[in-house]
Structures are given as C-alpha cells and as structure tokens.
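J.: This structure is in structure tokens; I'll ask about it shortly.
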Amino acid sequence: MAKVTLTWADNSPANNELATDILHGFVHNATRNANISIAPDTARVTEAKEIIFPLGWTSADEIHVYTAFRRLDGLDSSDTVHLAFNDN
C-alpha cells in the first residue's frame, strides 16, 4: 500500500493562524492521470496527516500533493503548498 505522511509545525497563534484551522487539499497522480481528495478532518495543531493512496498507485508514480489550511468558518485560508514525489 502506497502512502505519504505530511508533517508541519503548528505555528498558531502567529499572524492569522489558528490551532483549529483544517487541512484541505488533493493529490494528483500524473502517471495515472487520477486525483483523490484529502479528507478535511485534520486540525493544524495535529501536525501530521497520513494519506493512503488507492490500490494500484505505487512509489514509482509521479505524485503531486496540494494543501492549504482553512478556517472552520471558511472565511480565511493559507496559501497553497505544492509537494511533488517520485522515487524514480
């Protein structure tokens, strides 16, 4: 089973960040031209999110992860971060 674990530092309450901001995003598999959503169930204070890829995705695939944190009320969000993975 292919997966990736994202980690970050909880930088709240700096600037406009809140510990309760929720991680949002999606994963694009360029090799297979397929996408999955990241379940919006992880708060900034958690500092980690494991994403399990669908069956058939491998570490050799070209994977792009796009994430941002969004306020619970939806009125503010962070900049989007892009991460690329490929074991080739």
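J.: First measure r as the distance between the Cβ atoms of N15 and A60, then evaluate 1/(1 + (r/R0)^6) with R0 = 30 Å and state the FRET efficiency to the nearest 0.05.
T.: E between N15 and A60, to the nearest 0.05, is 0.20.
J.: How much net charge surrounds A9 when only other residues with a Cβ under 14 Å from its Cβ are counted (Lys, Arg +1; Asp, Glu -1)?
T.: Here the charged neighbours net out to -2.
J.: Would you mind checking the range 1-23 for residues with the amide N under 13 Å from a putative spin-label position 7 Å along Cα→C-beta of E47?
T.: 7-12
J.: Among F69, F53, A84, whose Cα lies farthest out toward the positive end of the dipole of the range 3-85, if unit charges sit on the beta carbon of Lys, Arg (+1) and Asp, Glu (-1)?
T.: Farthest towards the positive pole: F53.
J.: Further question: Taking the Cα centre of the chain as origin and charging only Cβ (+1 Lys, Arg; -1 Asp, Glu), how large is the dipole, in debye to the nearest 20?
T.: Here the chain has a charge dipole of around 200 debye.
J.: Please report the net charge: other residues with Cβ closer than 12 Å to the Cβ of A19, K and R +1, D and E -1.
T.: -2
J.: Output the relative contact order of the range 3-85, whole-number percent, from Cα pairs under 8 angstrom with separation of 6+ residues.
T.: 33
J.: Starting from one equal scatterer on each C-alpha and no solvent at all, send me the Debye-based log10 I(q)/I(0) for the chain at q = 0.14, 0.17 Å⁻¹, two decimals.
T.: Calculated log10 I(q)/I(0) at the listed q: -0.50, -0.70.
J.: Taking the beta-carbon count within 10 Å as an exposure proxy, list D61, D79, D41, D21 from fewest neighbours to most.
T.: Ordered from fewest to most neighbouring Cβ atoms within 10 Å, D61, D79, D41, D21 come out as D79, D41, D61, D21.
We did not get these values from a lab; they are worked out from the coordinates using the rules stated. All figures in this text were calculated on a predicted structure; none of them were measured in a lab. Every residue, glycine as well, gets a Cβ built from its backbone with ideal geometry; the counts of neighbours run over all protein chains shown.
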